[in-house]
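Peer 1: For reference, the structure I am asking about is given below.
The values are calculated or read from the model by the stated rules, or taken from the named source; none is laboratory data. This is a predicted model, so every value here is computed, not measured. Note that each Cβ is placed from the backbone with ideal geometry, even for glycine, and that neighbours are counted across all protein chains shown. Accessible surface is based on the protein model in full, side chains and every heavy atom, while ligands, DNA and RNA are left aside. Shrake-Rupley method; radii C 1.70, N 1.55, O 1.52, S 1.80 Å.
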Amino acid sequence: MACEAALDQVTLRIFNHNVYEFRRGVRCLFLMTMAAHDLPPILVRLEGSQIEHFVQQVNAEKVNLFFGRTAFVQTTRSIVTKPLCQLTPEEDFMLGYDREQQCERYLSRCGRPPFVCTSH
(Lines give C-alpha, C1' and ligand atoms only; values in the text may rest on other atoms or scores of the structure.)
Protein backbone atom coordinates (compact mmCIF):
# COMPACT_ATOMS: atom_id res chain seq x y z
CA MET A 1 0.00 0.00 0.00
CA ALA A 2 2.97 2.37 0.38
CA CYS A 3 3.25 2.56 -3.42
CA GLU A 4 -0.39 3.63 -3.68
CA ALA A 5 0.32 6.68 -1.49
CA ALA A 6 2.51 8.04 -4.30
CA LEU A 7 -0.07 7.13 -6.93
CA ASP A 8 -2.01 10.07 -8.36
CA GLN A 9 -5.40 10.05 -6.62
CA VAL A 10 -7.37 10.86 -9.78
CA THR A 11 -5.68 7.98 -11.61
CA LEU A 12 -6.43 5.68 -8.67
CA ARG A 13 -10.11 6.70 -8.62
CA ILE A 14 -10.47 6.13 -12.36
CA PHE A 15 -8.69 2.80 -12.11
CA ASN A 16 -10.89 1.66 -9.20
CA HIS A 17 -14.01 2.67 -11.11
CA ASN A 18 -12.83 0.81 -14.22
CA VAL A 19 -12.10 -2.34 -12.20
CA TYR A 20 -15.57 -2.04 -10.65
CA GLU A 21 -17.14 -1.80 -14.13
CA PHE A 22 -15.03 -4.75 -15.31
CA ARG A 23 -16.13 -6.94 -12.40
CA ARG A 24 -19.77 -5.97 -12.95
CA GLY A 25 -19.53 -6.87 -16.65
CA VAL A 26 -20.28 -3.34 -17.83
CA ARG A 27 -17.35 -3.32 -20.26
CA CYS A 28 -14.82 -5.88 -21.43
CA LEU A 29 -11.85 -3.69 -22.34
CA PHE A 30 -10.41 -0.59 -20.72
CA LEU A 31 -7.78 1.91 -21.82
CA MET A 32 -6.10 4.25 -19.38
CA THR A 33 -3.42 6.70 -20.45
CA MET A 34 -1.36 7.56 -17.40
CA ALA A 35 1.96 8.75 -16.11
CA ALA A 36 4.52 5.95 -16.32
CA HIS A 37 5.40 6.40 -12.65
CA ASP A 38 1.78 5.54 -11.70
CA LEU A 39 1.94 2.20 -13.51
CA PRO A 40 3.81 -0.13 -11.06
CA PRO A 41 1.21 -0.14 -8.24
CA ILE A 42 -1.60 -0.51 -10.76
CA LEU A 43 0.13 -3.51 -12.34
CA VAL A 44 0.51 -5.09 -8.90
CA ARG A 45 -3.25 -4.77 -8.39
CA LEU A 46 -4.10 -6.13 -11.84
CA GLU A 47 -1.78 -9.10 -11.41
CA GLY A 48 -3.10 -9.73 -7.90
CA SER A 49 -6.64 -9.75 -9.29
CA GLN A 50 -5.57 -11.88 -12.27
CA ILE A 51 -6.86 -9.31 -14.74
CA GLU A 52 -5.25 -9.56 -18.17
CA HIS A 53 -3.40 -6.41 -19.24
CA PHE A 54 -1.11 -4.94 -21.86
CA VAL A 55 1.08 -1.82 -21.61
CA GLN A 56 2.02 0.35 -24.57
CA GLN A 57 4.78 2.90 -24.01
CA VAL A 58 3.64 6.29 -25.37
CA ASN A 59 6.79 8.21 -24.45
CA ALA A 60 9.21 8.43 -21.52
CA GLU A 61 6.53 9.87 -19.24
CA LYS A 62 3.28 8.23 -20.44
CA VAL A 63 1.89 4.76 -21.05
CA ASN A 64 -1.35 3.33 -22.35
CA LEU A 65 -2.67 0.55 -20.14
CA PHE A 66 -5.21 -1.82 -21.66
CA PHE A 67 -6.92 -4.30 -19.37
CA GLY A 68 -9.98 -6.49 -19.30
CA ARG A 69 -11.16 -9.86 -20.55
CA THR A 70 -8.41 -12.03 -21.95
CA ALA A 71 -9.64 -12.30 -25.55
CA PHE A 72 -10.08 -8.53 -25.79
CA VAL A 73 -6.62 -7.80 -24.38
CA GLN A 74 -4.95 -10.41 -26.59
CA THR A 75 -6.66 -8.95 -29.66
CA THR A 76 -5.61 -5.46 -28.60
CA ARG A 77 -2.02 -6.62 -28.12
CA SER A 78 -1.97 -7.88 -31.73
CA ILE A 79 -3.54 -4.69 -33.14
CA VAL A 80 -1.74 -2.01 -31.14
CA THR A 81 1.73 -2.21 -32.63
CA LYS A 82 2.06 1.53 -33.36
CA PRO A 83 0.80 4.80 -31.86
CA LEU A 84 -2.99 4.84 -31.48
CA CYS A 85 -3.29 7.86 -33.77
CA GLN A 86 -1.76 5.75 -36.57
CA LEU A 87 -4.30 2.93 -36.38
CA THR A 88 -6.45 2.40 -39.44
CA PRO A 89 -10.18 3.04 -39.02
CA GLU A 90 -10.71 -0.73 -38.95
CA GLU A 91 -8.04 -1.26 -36.26
CA ASP A 92 -9.46 1.59 -34.21
CA PHE A 93 -12.94 0.10 -34.58
CA MET A 94 -11.75 -3.22 -33.17
CA LEU A 95 -10.65 -1.54 -29.95
CA GLY A 96 -14.28 -0.68 -29.30
CA TYR A 97 -16.17 1.99 -27.48
CA ASP A 98 -19.89 2.25 -27.01
CA ARG A 99 -21.21 0.52 -30.16
CA GLU A 100 -22.99 3.54 -31.63
CA GLN A 101 -20.13 5.85 -30.67
CA GLN A 102 -17.65 3.46 -32.29
CA CYS A 103 -19.66 3.33 -35.51
CA GLU A 104 -19.78 7.14 -35.64
CA ARG A 105 -16.04 7.29 -34.94
CA TYR A 106 -15.38 4.76 -37.72
CA LEU A 107 -17.46 6.71 -40.25
CA SER A 108 -15.73 9.93 -39.27
CA ARG A 109 -12.25 8.41 -39.61
CA CYS A 110 -13.19 7.02 -43.03
CA GLY A 111 -14.44 10.42 -44.14
CA ARG A 112 -18.04 9.30 -44.44
CA PRO A 113 -20.84 11.33 -42.88
CA PRO A 114 -23.00 9.36 -40.46
CA PHE A 115 -26.43 8.35 -41.75
CA VAL A 116 -29.19 10.46 -40.28
CA CYS A 117 -32.62 8.87 -40.09
CA THR A 118 -35.31 11.51 -40.57
CA SER A 119 -38.40 9.31 -40.48
CA HIS A 120 -39.71 8.18 -37.12
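Peer 1: So is VAL19 under 19 Å from PHE93 (Cα atoms), in a helix (DSSP H, G or I) and within 14 Å of the chain's Cα centre (by Cα) or not?
Peer 2: no
Peer 1: Would you tally the residues in segment 70-94 being closer than 11 Å to PHE54 by Cα and not in a helix (DSSP H, G or I)?
Peer 2: Residues in segment 70-94 being closer than 11 Å to PHE54 by Cα and not in a helix (DSSP H, G or I): 1 in total.
Peer 1: Count, please, the residues in segment 96-114 that happen to be without any contact (Cβ under 8 Å) to a residue 60 or more places away in the chain and surrounded by 11 or more Cβ atoms within 10 Å (Cβ to Cβ).
Peer 2: 11
Peer 1: Open to solvent by 40 Å² or more (accessible area, probe 1.4 Å), touching a Ser or Thr at 6+ places or on another chain (Cβ under 6 Å) and of a type outside the set (Val, Ile, Thr): is that true of GLU52 in this structure?
Peer 2: Judged against the criteria, GLU52 is a match.
Peer 1: Next up: Just one of the numbered conditions (1) crowded, with 17+ Cβ neighbours inside 10 Å; (2) touching an Asp or Glu at 6+ places or on another chain (Cβ under 7 Å) is not true of ARG27; which one?
Peer 2: (1)
Peer 1: Output the number of the condition that THR11 fails; it satisfies all remaining conditions of (1) more than 16 Å from the chain's Cα centre (by Cα); (2) within 28 Å of PHE93 (Cβ to Cβ); (3) of a type in the set (Val, Ile, Thr).
Peer 2: Of (1) more than 16 Å from the chain's Cα centre (by Cα); (2) within 28 Å of PHE93 (Cβ to Cβ); (3) of a type in the set (Val, Ile, Thr), only one is false for THR11: (1).
Peer 1: Can I ask one more? Of these, PHE93, PHE72, which one is under 11 Å from the mean Cα position of the chain (by Cα) and either surrounded by 16 or more Cβ atoms within 10 Å (Cβ to Cβ) or not small (Gly, Ala, Ser) (or both)?
Peer 2: The match here is PHE72.
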